[in-house]
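A.B. asks: Input: one structure, supplied below.
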Amino acid sequence: MELARATNRGVRLRNRSALLSKVFLDGPLTRQALVRSTGLSQPAVSNVVADLIDEGLIAEAGAAESDGGRPSMMLRVAPRFAFVIGVDVGETRVRVELFDFAMAQLASVAYPLDPRRTEPAEVAGHVLAGIDAVAARAGVGVDEVLGVGIGVSGVVEQGREAVVHAQSLGWDRVPLERLIAAGTDLPLHVDNGAKTLGQAEMWFGAGRGARHAVFALVGSGVGTAVVTNGVTYRGASSSAGEWGHTTLVYGGRPCRCGARGCLEAYVGAEAVIDRYREARGGHPVPGDDEESQLAALIDAAGTSAAARRVLDETAEYLGAGVANLINLFNPERVVLGGWAGMALGGLLPAVREAAGRQALRQPYEQASIELGLLGVDAVALGAATLPIARLLTAGGVRSANRRVTEQIELHG
């Protein structure tokens, strides 16, 4: 009897998870569309939808267009059921954003960082200040926040608490989750920033519809998220995707990680600006920070042969790096994002041409190379989906603990 009850409870949670996920990602949808897309019976859909409406997770959003007969009601997630916070811990700033359950951004705040000295305690302090600031700006009580997702540079080792290894920041086994948790009771979810960018683009942007994709984050540093069969590949200790530290030129330019010839040493924003400084005979690049300096380089390319040469070389280096991704992972889609990747978006045709010269012909012809659609907010948006993903897996049960959620994932 207990086994039967447990089995029925598990089936119902999986049905809730399937229906809520579908409405969240693809809504508004009718009940009939949910029957077709999930394979659940009409009674099962009706019963679960009624529960989700009663609990405030989804709401009716008007009638669908009808060819005659009784119109069907559209269903969408209820925006104010819960709120989530996404954090982008970059190398030049900490960006904190608050979203409602429909992922509409309600408030945002940013705190600059000195890229020469990124102290973990300072980062944790900015995150905590940002949580209070965005909640206050949006008029949302902190107790209404479902959780906080944090995307950060470097390798994020998952366990009882997330630990960050980021050689370029000078971080070695930094207990970032513990530092932030000391100042808040909100659930925390920490992951690599390229992986949160990849999740955002898979759910809402240029990755939608792809089963095999690689998402490249080009900022001060460089990283990727590799998605295979719809699941992010993490490797043995979650360090998979450190594309920026693959060797492009053996014995080449020194990289911040301590090696030489890494891709990041040629296409990361810091490296591109440094190469432009060298092309200018050592004269400083105009601008107060990396973003303004990279913009100055791009603006100068129309009149400066040195600037044009640096950008042309950057496209070649990026193309070679993308070709490596295509040869290694055989993706349907390669998506370039990150603030520097978006700023260098005008190089995309040249990047495609360079990748075509370096990649194997058959996998290259199967892959598209595109810019991300979510802009500079993609890391924070993707981070905000981390608590949402756990809620969806748990069928909307906010009190579901991690063990229950993992059991649903295992048997779902």
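A.B. asks: With the full set of protein chains in place, find how many percent of the accessible area of region 30-127 is carbon and sulfur; take the probe as 1.4 Å. Could you put the intermediate results ahead of the total?
C.D. replies: On the way: 2240 of 4610 Å².
That share works out to 48 percent.
A.B. asks: Less than 13 Å Cβ to Cβ from Val45, Lys/Arg counted +1 and Asp/Glu -1: what total charge do the surrounding residues give?
C.D. replies: Working: positive: Arg12, Arg16, Lys22, Arg31, Arg36; negative: Asp51.
That works out to +4.
A.B. asks: Enter the Cα centre distance for the pair region 87-152 and region 8-57, rounded to the nearest angstrom.
C.D. replies: 32
A.B. asks: Then there is this: Gain in length, Asn8 to Arg116, computed as 0.36 nm per residue apart minus the alpha-carbon separation, to one decimal in nm?
C.D. replies: Details: separation 108, 0.36 × 108 = 38.88 nm, distance 5.59 nm.
Taking Asn8 through Arg116 to full extension adds about 33.3 nm, to one decimal.
A.B. asks: Measuring with a 1.4 Å probe in the full set of protein chains, what accessible area per residue, in whole Å², belongs to the chain? Write down the numbers at each step before the final one.
C.D. replies: On the way: 18760 Å² over 412 residues.
In whole numbers, the chain has 46 Å² accessible per residue.
A.B. asks: If you don't mind, there's one more thing I want to ask. Go ahead and set up a Gaussian network model of the chain, Cα springs under 10 Å, then flag whichever of Leu75, Leu328, Leu19 fluctuates most.
C.D. replies: Per the Cα network of the chain with a 10 Å cutoff, Leu328 tops the list.
A.B. asks: Over the Cα atoms of region 108-153, what is the Rg over Rh ratio if Rh follows Kirkwood? Don't jump to the answer; show the numbers that get you there.
C.D. replies: Values: Rg = 12.0 Å, Rh = 11.9 Å.
Ratio of gyration radius to Kirkwood radius: 1.01.
A.B. asks: Also: Based on Cα positions only, what radius of gyration and what Dmax would you give for region 13-167, in angstroms?
C.D. replies: When restricted to the Cα atoms of region 13-167, Rg and Dmax are 20.1, 67 Å.
A.B. asks: A further question on this structure: Among DSSP beta bridges whose residues both lie in the chain, state the antiparallel percentage, nearest 5. Provide the component values of the computation, followed by the final result.
C.D. replies: Details: 36 of 57 bridges.
Once the DSSP bridges in the chain are tallied, antiparallel ones form about 65 percent.
A.B. asks: Among Ala380, Ala213, Ala367, which one shows the biggest mean-square fluctuation in a GNM of the chain, springs joining Cα atoms closer than 10 Å?
C.D. replies: Evaluated over the chain, the most mobile residue of the options is Ala367.
A.B. asks: Just flag the chymotrypsin sites (Phe, Trp or Tyr not before Pro) in region 210-283 sitting in loop per DSSP whose Cβ has no more than 14 other Cβ atoms within 10 Å.
C.D. replies: Passing sites in region 210-283 are Tyr250.
A.B. asks: So which trypsin sites (Lys or Arg not before Pro) in region 109-200 are both in a DSSP loop and have at most 15 other Cβ atoms within 10 Å of their Cβ? Please report the intermediate quantities before stating the final value.
C.D. replies: Details: sites: Arg116, Arg117, Arg137, Arg160, Arg173, Arg178, Lys195; in loops: Arg116, Arg117, Arg160.
Answer in residue order: Arg116, Arg117, Arg160.
A.B. asks: Taking square-rooted eigenvalues a ≥ b ≥ c of the alpha carbon gyration tensor, is the chain rounded, prolate or oblate, where a/c under 1.5 means rounded and, failing that, a/b exceeding b/c means prolate? Intermediate results must be reported in sequence, preceding the final value.
C.D. replies: On the way: a/c = 2.00, a/b = 1.63, b/c = 1.23.
Prolate.
A.B. asks: Loop only by DSSP, 16 or fewer other Cβ within 10 Å of the Cβ. Give me the GluC sites (Glu not before Pro) in region 17-104 that pass, ordered by residue number.
C.D. replies: On the way: sites: Glu55, Glu60, Glu65, Glu91, Glu97; in loops: Glu55, Glu65, Glu91.
Passing both the DSSP loop test and the Cβ count: Glu55, Glu65.
A.B. asks: Could you please state how large a percent of the accessible area of region 148-217 is carbon and sulfur, counting protein chains only and using a 1.4 Å probe? Spell out each step's value before the answer.
C.D. replies: Numbers: 1190 of 2650 Å².
Carbon-and-sulfur percentage of accessible area, whole number: 45.
A.B. asks: Local charge sum around Tyr364 (other residues, Cβ-Cβ under 13 Å, Lys/Arg +1, Asp/Glu -1)? Write down the numbers at each step before the final one.
C.D. replies: Values: positive: Arg333, Arg352, Arg357, Arg361; negative: Glu332, Glu353, Glu365.
So the environment of Tyr364 carries a net charge of +1.
A.B. asks: Would you work out what percent of the accessible area of region 257-394, with all protein chains in place, is carbon or sulfur (probe 1.4 Å)? Present the calculation step by step, with values, prior to reporting the outcome.
C.D. replies: On the way: 2890 of 5750 Å².
C and S atoms contribute 50 percent here.
The values are calculated or read from the model by the stated rules, or taken from the named source; none is laboratory data. The structure presented is a predicted model; accordingly, all values stated were derived computationally and were not measured. Don't worry about glycine lacking a Cβ; one is built from the backbone with ideal geometry, like all the others, and counts go over all protein chains shown. Ligands, DNA and RNA are stripped out before the accessible areas are found, and what is left, the full protein with its side chains, is counted by its heavy atoms. Shrake-Rupley method; radii C 1.70, N 1.55, O 1.52, S 1.80 Å.
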